[in-house]
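First comes the structure, then the notes that go with it.
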Amino acid sequence: MKMPMIKTKLPGPKARALIDIDNKYVSPSYTRSYPFVARKARGLWMEDTDGNLFLDFTAGIAVCATGHCHPQVVDAIKKQADMLLHMSGTDFYYPSQIRLAEKLVSIAPGKKPKKVYFGNSGAEAVEAAFKLARWHTRRELNIAFFGAFHGRTMGALSLTASKTIQKKHYNPLVPGITHIPYAYCYRCPYHLTYPKCDVYCAHWIEDTLFRTTIPPEEVAAIIVEPIQGEGGYVSPPPEFHQTLYRIAKNYGILYVVDEVQSGMGRTGKMFAIDHFDVVPDIIALAKGIASGMPLGALIAMADIMDWEAGSHASTFGGNPVSCRAALATIDLLEKELIANADVQGRRLEQGLRQMQEEHECIGDVRGKGLMLGAELVKDRESKKPAAKLRNAIIAKSFEKGLLLLGCGANTMRFSPALTVSADEIDACLSIIDDVIKALTR
Ligand code: PLP
């Protein structure tokens, strides 16, 4: 089994020198968990500037769906770069954007006609969803969820409710958004137990919110992640989305799903909402869509995407090179990688569940496909969050050559490329097992 190889003290001398320059010139707002300086990569394997070899279970924050530098994606990028780098879909036409819109509509859930808007990032896709919902409904209010992360532009940030640091000193934000509890069953906000609860958290909107504070006929959209990402890889029970959707439809409210992290095959289906048998009105996409090239997309029912020329656009949105990379990515997802995400996701989940049996500190294992989280606790009884232990596991794993990220306050996130092999899963599990043993001995 191929394992990471660490030859220098971390960070190595070249990485150290670059980080010193970074500290001087780059914005201090970034949240680097450990001193990894990437030089080159292929698949799940990454080399740093000092020649150390790492196994990447982050995929660049769930972006490199096809693995780093997949030859088919790189080839598509090179060919497009030779032909046309930019012409702005805002004012002109070009084949790659048109073909990608056609393709995205064909893979989106539901049979009704749809249209696509292109931006450059997840935040821009959410921002566009937010604006489109207002445009189409002419309503001013929105419902979003605690734990949600929708991005950091002012509109998307207003919908975000993940960490206060993300909002500190930025108020006032966009008004009219009410955040409510998500179906976080491991820590049910209402102290109920699924399935006896009958997804009280979803019914609560109709039973309490609409009776006391929010006139439903003024609500434009319910904006929700099918599986919460940054909030802790929280996977709700199926009835959660089904009930929310029914409520939305009862009052002419749009159901907007943010698939920026969960979409593009990561969960073992093209979109995470496909697991829940719900056909949303609007889908926001980014991250995995173009294997690392910047691209955001919004797919909406055609009768909802009814805004007029000039009402929303972006110079770079739907760049030809990113669109070609997305077409190559979707081709790979459809041919083999979604199926692989399902198979290897099960292997990873099973491995984590086995580890949970052995290690008291793993309180919960959850998620779908290759969007899996393991929540760390002080003990199973109190479920007190073990944030320091989570951070220590991630830091120690890095020292052993495994790249991981956290999410939520105390959850380890597993979001490898969808090309991951059984051996790579086993390598990851064996490193984490060793690290947890060493830290909890
Ligand atoms: N929505 C979700 C669900 C996300 O996970 C993220 C980023 O993590 C965003 C939106 C924002 O995406 P970006 O960082 O590309 O703006």
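The values are calculated or read from the model by the stated rules, or taken from the named source; none is laboratory data. These numbers come from a predicted model, not from an experiment. As a convention, Cβ positions derive from the backbone with ideal geometry for all residues, glycine included, and neighbour counts pool all protein chains shown. Only protein heavy atoms, including side chains, enter the accessible area calculation; ligands, DNA and RNA are left aside. Shrake-Rupley method; radii C 1.70, N 1.55, O 1.52, S 1.80 Å.
Structure values in brief
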{"item": "Boolean, Ile425 is under 24 Å from the mean Cα position of the chain (by Cα) and β-branched (Val, Ile, Thr)", "result": "yes"}
{"item": "Single residue of Ala101, Ala41, Ala108, Ala62 found to be closer than 30 Å to Asp20 by Cα and in contact with a strand residue (DSSP E or B) (Cβ under 7 Å, 6 or more places away or on another chain)", "result": "Ala41"}
{"item": "Residues (part of a loop (DSSP other than H, G, I, E, B) and either surrounded by 14 or more Cβ atoms within 10 Å (Cβ to Cβ) or out of contact with any Phe, Trp or Tyr (no Cβ under 8 Å at 6 or more places or on another chain) (or both)) located in the range 181-191", "result": "Pro181, Tyr182, Ala183, Tyr184, Cys188, Pro189, His191"}
{"item": "Condition check for Ser291: among the polar types (S, T, N, Q), open to solvent by less than 10 Å² (accessible area, probe 1.4 Å) and outside the structural domain of Val365 (by TED's automatic domain parsing)", "result": "no"}
{"item": "Given (1) more than 16 Å from Gln261 (Cβ to Cβ); (2) touching a residue at least 40 places away in the same chain (Cβ under 8 Å); (3) not hydrophobic (A, V, I, L, M, F, W, C), number of the condition Ser121 does not satisfy", "result": "(1)"}
{"item": "Enumerated strands (runs of 3 or more DSSP E) restricted to the range 20-127, each holding at least 2 residues that are within 16 Å of the ligand (Cβ to nearest atom)", "result": "114-119"}
{"item": "Only listed residue being within 15 Å of the ligand (Cβ to nearest atom), touching a Phe, Trp or Tyr at 6+ places or on another chain (Cβ under 9 Å), open to solvent by 20 Å² or more (accessible area, probe 1.4 Å) and not assigned by TED's automatic domain parsing to the domain that holds Gly373, chosen from Glu225, Glu217, Glu230, Glu239", "result": "Glu230"}
{"item": "Exclusive hit being under 26 Å from Lys2 (Cβ atoms) and either of a type outside the set (Phe, Trp, Tyr) or outside the structural domain of Arg266 (by TED's automatic domain parsing) (or both), set Gly369, Gly408", "result": "Gly369"}
{"item": "Of residues in the range 67-102 being under 21 Å from the mean Cα position of the chain (by Cα) and farther than 19 Å from Ser121 by Cβ, the one most open to solvent (accessible area, probe 1.4 Å)", "result": "Cys69"}
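Okay, residues lined up against (1) in a helix (DSSP H, G or I); (2) more than 11 Å from the ligand (Cβ to nearest atom); (3) buried (at least 22 other Cβ atoms within 10 Å of the Cβ):
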{"position": "Asn142", "(1), (2), (3)": "no, yes, yes"}
{"position": "Gly151", "(1), (2), (3)": "no, no, yes"}
{"position": "Ala156", "(1), (2), (3)": "yes, no, yes"}
{"position": "Ile165", "(1), (2), (3)": "yes, yes, no"}
{"position": "Lys168", "(1), (2), (3)": "no, yes, no"}
{"position": "Pro172", "(1), (2), (3)": "no, yes, no"}
{"position": "Pro175", "(1), (2), (3)": "no, yes, no"}
{"position": "His179", "(1), (2), (3)": "no, yes, no"}
